[in-house]
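Comments concern the structure below.
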Amino acid sequence: MELSQISPAQLRKAADLKERLEELQRELESVLGVAATPATPTKLHWTQTPAGRAKLARSLRRSWRNRRPSLNSTASPASATPAGSGTKLHWTQTPAGKAKMARLMKKRWKNRRIPAM
């Protein structure tokens, strides 16, 4: 039903009912001592406690320490690390190994060639 089709008597009755509802709402609040309408819940903002942050930091440091090679290792420290840098070199191929790989690749490429027509 549109607002233009409502009679003045119906509008007055609706206004009276609304006022009565508001009055009953106030009465309910006074009886209960709290607001009868529930407050809109606010979004909780999650924050980490200092203890949790410290625990996470300890865990990460332990993880990093376990991944990093030990600098006090006895397994050929001269060949594993560059002079004085304390970091491990990546694996590199020896010149003999490179020559062997080159020979094998040339052999494979030769076998793959399409015969000339």
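The values are calculated or read from the model by the stated rules, or taken from the named source; none is laboratory data. None of the values given here were measured: they were computed from a predicted structure. Cβ atoms come from the backbone with ideal geometry, glycine included; neighbour counts cover every protein chain shown.
At-a-glance table
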| quantity | calculated |
| --- | --- |
| Residue check for GLU29: acidic (Asp, Glu) and at pLDDT 90 or above | no |
| LYS88 touching a helix residue (DSSP H, G or I) at 6+ places or on another chain (Cβ under 7 Å) and either at pLDDT 60 or above or exposed (fewer than 10 other Cβ atoms within 10 Å of the Cβ) (or both) | yes |
